[in-house]
1. Name, by its number, the condition in (1) in contact (Cβ under 8 Å) with a residue 40 or more places away in the chain; (2) part of a helix (DSSP H, G or I); (3) among the polar types (S, T, N, Q) that does not hold for residue 307.
2. Would you point out which residue out of 353, 359 is more than 29 Å from residue 121 (Cβ to Cβ), open to solvent by 60 Å² or more (accessible area, probe 1.4 Å) and in a helix (DSSP H, G or I)?
3. Under the condition of being more than 11 Å from residue 341 (Cα to Cα) and touching an Asp or Glu at 6+ places or on another chain (Cβ under 9 Å), which residue from the stretch 198-221 is least open to solvent (accessible area, probe 1.4 Å)?
4. Name the residues in the stretch 235-249 that are surrounded by 16 or more Cβ atoms within 10 Å (Cβ to Cβ), part of a helix (DSSP H, G or I) and out of contact with any Asp or Glu (no Cβ under 6 Å at 6 or more places or on another chain), would you?
5. Which members of the stretch 270-295 meet the condition of being modelled with pLDDT of 95 or more, open to solvent by less than 70 Å² (accessible area, probe 1.4 Å) and not hydrophobic (A, V, I, L, M, F, W, C)?
6. Answer with yes or no whether residue 130 is in contact (Cβ under 8 Å) with a residue 24 or more places away in the chain, assigned to a loop (DSSP other than H, G, I, E, B), among the β-branched types (Val, Ile, Thr) and crowded, with 20+ Cβ neighbours inside 10 Å.
7. Give the residue that is farthest from the chain's Cα centre (by Cα), with candidates limited to residues of the stretch 324-350 that are buried (at least 20 other Cβ atoms within 10 Å of the Cβ) and not in a helix (DSSP H, G or I).
8. Under the condition of being among the hydrophobic types (A, V, I, L, M, F, W, C) and open to solvent by 30 Å² or more (accessible area, probe 1.4 Å), which residue from the stretch 253-269 is farthest from residue 111 (Cα to Cα)?
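The values are calculated or read from the model by the stated rules, or taken from the named source; none is laboratory data. Please read these numbers as outputs of a predicted model, since none were measured by experiment. A quick note on method: Cβ atoms are made from the backbone with ideal geometry, for glycine too, and the neighbour counts reach across all protein chains shown. We work out accessible area using only protein heavy atoms, side chains counted, and drop any ligands, DNA or RNA first. Shrake-Rupley method; radii C 1.70, N 1.55, O 1.52, S 1.80 Å.
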Amino acid sequence: MRATRMAPAVAVLLLLTLSAALASGARRAGILLEETTLTDDLMGAADADELSFHQVSKLEDTPSWSLNPLFLKALRPLSKEKVQEQCLIDLTRMMTYINSSQPFWACVAPKTGCTGFKNLFGAVNVHEYIDGDTYKNDPVQVHLLLTERLEKGWSAPALLETLGVNDLFSLLNTTPRVIFVRNPYVRFASSYLDWLGRNGLKEADVTFTDFLTMAEQWVNGKPFGSPKVMLPDHIWAVSRTCMVELFEYNVILRLEEMGLWYNDMIELYGLRSTVSEMGKRNFKLYETSLNIDDPLRYSLESVFGFSAWPGKPAIPGHAKNAVSILAKIYGRDTAARVFDLMRADFEQFGYPAWNGNIADFRFA
């Protein structure tokens, strides 16, 4: 049913508000918008409720419907001494050189879609990956088959050994440095569910609040508080795992906004042929659900951050639906404590703070 036409004054006010909100959302998503063109198109639209992505983007050379990824800042020169020193530390294994036709560095921390991205990066770098059915039923095979090979052959420490510090330093300073991130509240909830699953526990055995207390103790240098299996990089902030202060990533891609940037990322970094080949074995890392001609009113919740941008990610068999438990596990106190625990990620990646009320939660 077609919406009733708004009065001109109301329509203009809504369009200006939407212009500012969409531009803000676009900047948060790491995409480029010409704000003057955006405002002109909005003001010139015949009917506010039918305004489409096509009218907003005005990017004629883009390979798909989506808006161009924005390099959030130019590549800044890194310190050779710090790179050499830090490459001796275990964490730098997360920084991986992706040897596509348009190479880039990537860091995908645990609980930020790492299984799917590693499957893609394995196909690029070592020409091996698991098919879609195995990914759904036994996704651990990605890590068994590819994680060690990527770390030993293509991580920053591995390339320090094979190339030497000067060539590694040059590679770091001339190649885009990309980091994949996730809403810290959702990611920490996912880490909680993952920890329960690894240890054969249920939520009734160890509550989210108990898990949060143990994580706080451990991050502050005290014992974790449980003899159960605990993976540090599942609890650390992404900023720490990916050593943001050392590598100064110039491209930040938020999973909640993958519908906006995925297609352009594939084109920009020369991954299209690999993605197509993987599709023949039923593995599709992601499919966007957006269409260039969709009216913007279909996506207002995503524009304002109240829902993730729609799409169909490949779901591994071990995936945890962390979003479904947010209302149950979070309140004002736990939200404040997770904010403090993951403060670096909020500051580095621009995620909004939250009061613990699910009605106020924003993905980005």
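1. Status for residue 307: all satisfied but (2).
2. Details: 353 fails: in a helix (DSSP H, G or I).
When all the criteria are applied, what remains is 359.
3. Among residues in the stretch 198-221 that are more than 11 Å from residue 341 (Cα to Cα) and touching an Asp or Glu at 6+ places or on another chain (Cβ under 9 Å), the one least open to solvent (accessible area, probe 1.4 Å) is 199.
4. 235, 240, 244, 246, 247 - these are the residues of the stretch 235-249 that are surrounded by 16 or more Cβ atoms within 10 Å (Cβ to Cβ), part of a helix (DSSP H, G or I) and out of contact with any Asp or Glu (no Cβ under 6 Å at 6 or more places or on another chain).
5. Passing the criteria: 270, 274, 276, 279, 286.
6. Values: in contact (Cβ under 8 Å) with a residue 24 or more places away in the chain: yes; assigned to a loop (DSSP other than H, G, I, E, B): yes; among the β-branched types (Val, Ile, Thr): yes; crowded, with 20+ Cβ neighbours inside 10 Å: yes.
Taking the combined requirement at face value, the residue satisfies it.
7. Per the stated criteria, the residue is 330.
8. In the first step, residues of the stretch 253-269 are kept if they are among the hydrophobic types (A, V, I, L, M, F, W, C); the result is 253, 255, 258, 260-261, 265-266, 268.
In the following step, the residues that additionally are open to solvent by 30 Å² or more (accessible area, probe 1.4 Å) were identified as 255, 268.
Values: 255: 11, 268: 24 Å.
Ranking the qualifying residues of the stretch 253-269, first place goes to 268.
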